[in-house]
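See below for the structure under consideration.
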Amino acid sequence: MQDGVSIDIRDYSLWYGKFQALLGVSAQIKRGIITSLIGPSGCGKTTLLRSFNRINERYGNVTTQGHITILGKNILDSDVSVAALRKRVGMVFQRPNPLPISIYENVVFGMKSHLPQAERPRAVLDQAVESALREVSLWDALKDGLDRRATELTLEQQQKLCIARLLPLKPDIILMDEPCSALDASGIERIEELITELKRTFTIVMVTHNMAQARRASDECIFMLMGEIIEHTPTLDMFMNPQNSKTAAYIEGRYG
Amino acid sequence: MTERTPSRGWRAALSSAADWIEKPIEALIRACGWSSIVLVAAIFCFVFWYAAPLLPHIDWFGTDGFFTSTHWHAKEREGATYGVLAMIVGNFAVALVAMVIAIPCGLAAAVYISEFAGPRSKEWFKVGIEILAAIPSIVWGFIAITMIGPLLIKYAGATMGTNLLNGGIVLGLMSIPLIVSLAEDSLRAVPDSFREAAMALGANRWEIVYRVLFPAARSGLLAACMLGVGRAIGETMAVLLATGNKNQIPTSLTDPITTLTATIASEMGDAEAGSPHSQSLFTIGLLLLVITCAINLTANLVIRGNKRASSN
Ligand SMILES: Nc1ncnc2c1ncn2[C@@H]1O[C@H](COP(=O)(O)OP(=O)(O)OP(=O)(O)O)[C@@H](O)[C@H]1O
Ligand SMILES: [Mg+2]
């Protein structure tokens, strides 16, 4: 595996029961950049993204084949600890889903799962909360109400909190499934800024339906169609000079 | 509205026709809603009516007082006393034992069914719970006498098989289905996105249960437990058979006891209509009504308080 590759996918197939949603896809997702997954509805973007932290497995009828190598290890191996994997690979969902507990507890939720009691005294947790919320620029707005319920925040704040709660775990990769689709225009703008900001520290894989967003926010794009990867190129190339006629058709809006 | 154009007139006619149909239906629905309140009030009045003649003559807090003594001699023509303290204590003691059994078992079963069981076995468990809920109370009484009683004599050192512990076990078993089904409903109502959020942070299934689902479903789970308590306090037939029906304040788990409900059930048949004895039993009924209403009201307040805390 070459250096600078964060997620290495080889001949990866996935079935929901008898239905094959991914047909032996391969790709190398580079470290430290934003990669967008684009393609028409139902092409398998979410399915591929949810394979990277193996959260797809919660549906009992999922079977897989192939390799996905993250940090030098095939995560599909049966001896992989999913808890440890999910510590390295965080996820942000389409609808903001803060837990129905306090803001503070949301941010430290992961730490409390992964660190033994002795390694997380109150001061450490407090510090983690402050720096995570500063990172997503929520600290000033929320610092006086950290014990408020997270579900009371605005959608934009909720989505930022959902990003913030990944940070104390110091993940390598952050997966985002249409992270802006529940937000209004100004919310989208600020989340995009935040994502660009985060790129300096993390590898980001983002599913999006929004061509303009893919173009604005990402460095590379993966175009998918019917469970296959059609094209994977730097974003500019894909939009200026698509190699495949299907990619061109999609970008021009012929698939919807 | 003025009818300036024909089409306006048409629409007005249509909407007033709709009014003609809707108004009575609305009134009917409103009446149904109110009827529940009216019914509760009517039951209160009814019970009060039959107890009323005796109420001025009852000693409430004296040495033979209603709330302060265990002297229940309601049948005597001369010098009758109406102390129900032992029954109140018995009622709450047996409900407490029942809840110590039913709340942990019920919640655990609800968690198992909603979070751990596969889709096929989930259905089977639900059917099982429904059947359990449908067992008539008198059958539970038989089970108490013929199965639980001998076991208690053998293993718990009880002299009588029917006692506080037996009643508590039976009531607990009877309350479990109610608690399980209500608790399971409220766990199932927790949005899946919460589970995925916790899972994606690396939480295991147990952490999801106690760090996410319990807080999220708190008010529903609390309601399930409260209604379980209500059921345990109001239950009659099984308790009458299982507790030994002895008018004494229990000092150990294996003492026979009696309850408010069991006393009414066992004595009502002999009490002459309109006699002080019958009136005294209605007085107990009135007390029971007050207790169960109080429990339900607190449950409601607790739940509403929780809802408010979680919604703003
Ligand atoms: N849990 C599931 N069980 C069965 N089939 C599924 C499941 N989830 C997704 N699918 C199917 O797999 C295919 C890919 O779905 P996926 O959600 O990955 O698409 P997507 O590209 O994310 O679409 P969208 O843009 O609408 O979010 C679809 O045909 C979908 O119907
Ligand atoms: Mg999707």
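Close Cβ contacts (under 9 Å, 6 or more residues apart or on different chains) running from residues in the range B:242-259 that are outside any loop (DSSP other than H, G, I, E, B) to residues that are hydroxyl-bearing (S, T, Y) and open to solvent by less than 10 Å² (accessible area, probe 1.4 Å) comprise B:G244/B:T258; B:I257/B:T243.
State whether the residues of the range A:34-42 include one that is more than 15 Å from ligand 2 (Cβ to nearest atom) and touching a residue at least 24 places away in the same chain (Cβ under 8 Å). Yes, there is a match, as at least one residue in the range A:34-42 is more than 15 Å from ligand 2 (Cβ to nearest atom) and touching a residue at least 24 places away in the same chain (Cβ under 8 Å). Filtering the range B:181-190 for residues that are at the interface with another protein chain (Cβ under 10 Å from one of its Cβ atoms) and either part of a helix (DSSP H, G or I) or not small (G, A, S) (or both) leaves a non-empty set. Based on this model, can you work out whether A:V80 counts as open to solvent by less than 40 Å² (accessible area, probe 1.4 Å), more than 10 Å from ligand 1 (Cβ to nearest atom) and modelled with pLDDT of 95 or more? Spelling it out, it is not the case that A:V80 is open to solvent by less than 40 Å² (accessible area, probe 1.4 Å), more than 10 Å from ligand 1 (Cβ to nearest atom) and modelled with pLDDT of 95 or more.
Just one of the listed residues (A:R10, A:R88, A:R54) is more than 14 Å from chain B (Cβ to nearest Cβ), surrounded by 14 or more Cβ atoms within 10 Å (Cβ to Cβ) and away from ligand 2 (no atom under 14 Å from the Cβ), and it is A:R10. Return yes when A:T233 is under 13 Å from A:T35 (Cα atoms), touching a residue at least 40 places away in the same chain (Cβ under 8 Å) and surrounded by 15 or more Cβ atoms within 10 Å (Cβ to Cβ) and no when it is not. It is false that A:T233 is under 13 Å from A:T35 (Cα atoms), touching a residue at least 40 places away in the same chain (Cβ under 8 Å) and surrounded by 15 or more Cβ atoms within 10 Å (Cβ to Cβ). There is no residue in the range A:39-46 that is part of a helix (DSSP H, G or I), within 9 Å of chain B (Cβ to nearest Cβ) and surrounded by 14 or more Cβ atoms within 10 Å (Cβ to Cβ).
Please tell me if B:E235 is of a type in the set (D, E), more than 14 Å from chain A (Cβ to nearest Cβ) and more than 18 Å from the chain's Cα centre (by Cα). So B:E235 fails the test. Of the residues making up the range B:117-143, those that are part of a loop (DSSP other than H, G, I, E, B) and within 14 Å of chain A (Cβ to nearest Cβ) are B:A117, B:G118. State all residues of the range A:163-182 that are within 16 Å of ligand 2 (Cβ to nearest atom) and out of contact with any Ser or Thr (no Cβ under 7 Å at 6 or more places or on another chain); if no residue qualifies, say none. Within the range A:163-182, A:L175, A:M176, A:P179, A:C180, A:S181, A:A182 qualify. Any residue at all in the range A:195-204 that's of a type in the set (A, V, I, L, M, F, W, C) and part of a helix (DSSP H, G or I)? Within the range A:195-204, one or more residues are of a type in the set (A, V, I, L, M, F, W, C) and part of a helix (DSSP H, G or I).
For the range A:187-211, the set of residues classified as away from ligand 2 (no atom under 16 Å from the Cβ) and either closer than 16 Å to A:K45 by Cα or open to solvent by 50 Å² or more (accessible area, probe 1.4 Å) (or both) consists of A:E189, A:R190, A:E193, A:T196, A:E197, A:K199, A:R200, A:T201, A:I204, listed by residue number.
Table: residues versus (1) at pLDDT below 95; (2) closer than 24 Å to B:G202 by Cα; (3) touching an Asp or Glu at 6+ places or on another chain (Cβ under 8 Å); (4) within 14 Å of chain B (Cβ to nearest Cβ).
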| residue | (1), (2), (3), (4) |
| --- | --- |
| A:R149 | yes, yes, no, yes |
| A:C162 | no, yes, no, yes |
| A:L175 | no, yes, no, yes |
| A:A182 | yes, no, no, yes |
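Only residues that are more than 19 Å from the chain's Cα centre (by Cα) and more than 9 Å from every other protein chain (Cβ to nearest Cβ) were counted across the range A:91-107, and they come to 3.
Taking the conditions (1) in contact (Cβ under 8 Å) with a residue 60 or more places away in the chain; (2) closer than 28 Å to B:L260 by Cα in turn, B:P104 satisfies each one other than (1).
Look at (1) closer than 22 Å to B:I179 by Cα; (2) buried (at least 22 other Cβ atoms within 10 Å of the Cβ) and you find that B:G220 fails only one, number (2). Set side by side, the residues A:L22, A:L76, A:L85 differ, and just one is over 13 Å from the mean Cα position of the chain (by Cα) and within 27 Å of A:S131 (Cβ to Cβ), which is A:L85.
For the range A:2-24, the set of residues classified as within 12 Å of ligand 1 (Cβ to nearest atom), more than 20 Å from A:E178 (Cα to Cα) and of a type outside the set (K, R) consists of A:L14, A:W15, A:Y16, A:G17, A:F19, A:Q20, A:L23, listed by residue number. Would you please name the residue that is nearest to the other protein chains (Cβ to nearest Cβ), looking only at residues in the range A:116-134 that are without any contact (Cβ under 8 Å) to a residue 40 or more places away in the chain and surrounded by 17 or more Cβ atoms within 10 Å (Cβ to Cβ)? Ranking the candidates gives A:A132 first.
Yes/no matrix, rows are residues, columns are (1) in contact with a strand residue (DSSP E or B) (Cβ under 6 Å, 6 or more places away or on another chain); (2) among the acidic types (D, E); (3) more than 19 Å from B:P276 (Cβ to Cβ); (4) open to solvent by 50 Å² or more (accessible area, probe 1.4 Å):
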residue	(1), (2), (3), (4)
B:W60	no, no, no, yes
B:D64	yes, yes, no, yes
B:F67	no, no, no, yes
B:H73	yes, no, no, yes
B:M87	no, no, no, no
B:G90	yes, no, yes, no
B:R120	no, no, yes, yes
B:A133	no, no, yes, yes
B:G149	no, no, yes, no
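Output the residues belonging to the range A:57-77 that are under 16 Å from A:W15 (Cα atoms) and surrounded by fewer than 18 Cβ atoms within 10 Å (Cβ to Cβ). Hits for the range A:57-77 are A:E57, A:R58, A:Y59, A:G60, A:N61, A:V62, A:T63, A:T64, A:Q65, A:G66, A:H67, A:L76.
The values are calculated or read from the model by the stated rules, or taken from the named source; none is laboratory data. Since this is a predicted model, take the numbers as computed values, not measurements. All Cβ positions, even for glycine, are placed from backbone atoms using ideal geometry, and neighbour counts span all protein chains on display. Protein only, heavy atoms only, side chains kept; ligands, DNA and RNA dropped before computing areas. Shrake-Rupley method; radii C 1.70, N 1.55, O 1.52, S 1.80 Å.
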